[in-house]
Amino acid sequence: MKPVDVRIVPALHIRPDAVSVMPIWSGVDRPISGGWIVTKKNVARLEKAIRDGVACPNATIVKDNYGNTFFKYDPVIGKNTNADLKKIGY
């Protein structure tokens, strides 16, 4: 399953060139679950990887302690965003 959209928001509280990039899911109570804070130079590549379903593999619907549903996935992007994106072909 792939996210239906991507939300991109400035993360100025982190640093001036930081951006928060979050996958948006449908069919669940909590459409935003997780995301990454990256520099502006990596935003387009990360957005494409999310939209293609590559950055959020093995997505499954789970429930939190209150019974609300959200997507849990195995993120392939870690601390080294540029290197991790290259590793998955972006």
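Quick look at the values:
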| quantity | calculated |
| --- | --- |
| The stretch 5-76 - charge dipole about Cα centre, Lys and Arg +1 at Cβ, Asp and Glu -1, debye rounded to 20 | 200 |
| Net charge contributed by nearby residues that have their C-beta within less than 14 Å of K72 (K/R +1, D/E -1) | -1 |
| Listed candidates (1) 14.1; (2) 13.4; (3) 12.9 - label of the one calculated as Kirkwood radius over Cα pairs in Å | (2) |
| For the stretch 34-90: relative contact order, % (alpha-carbon pairs under 8 angstrom, 6 or more apart) | 32 |
| Local electrostatic count at D17 - Lys and Arg +1, Asp and Glu -1, tallied over other residues with Cβ under 13 Å | +3 |
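No value in this document is a laboratory result; all are computed from the given coordinates. This structure is a prediction, so every number in the text was calculated from the model and none was measured. As a convention, Cβ positions derive from the backbone with ideal geometry for all residues, glycine included, and neighbour counts pool all protein chains shown.
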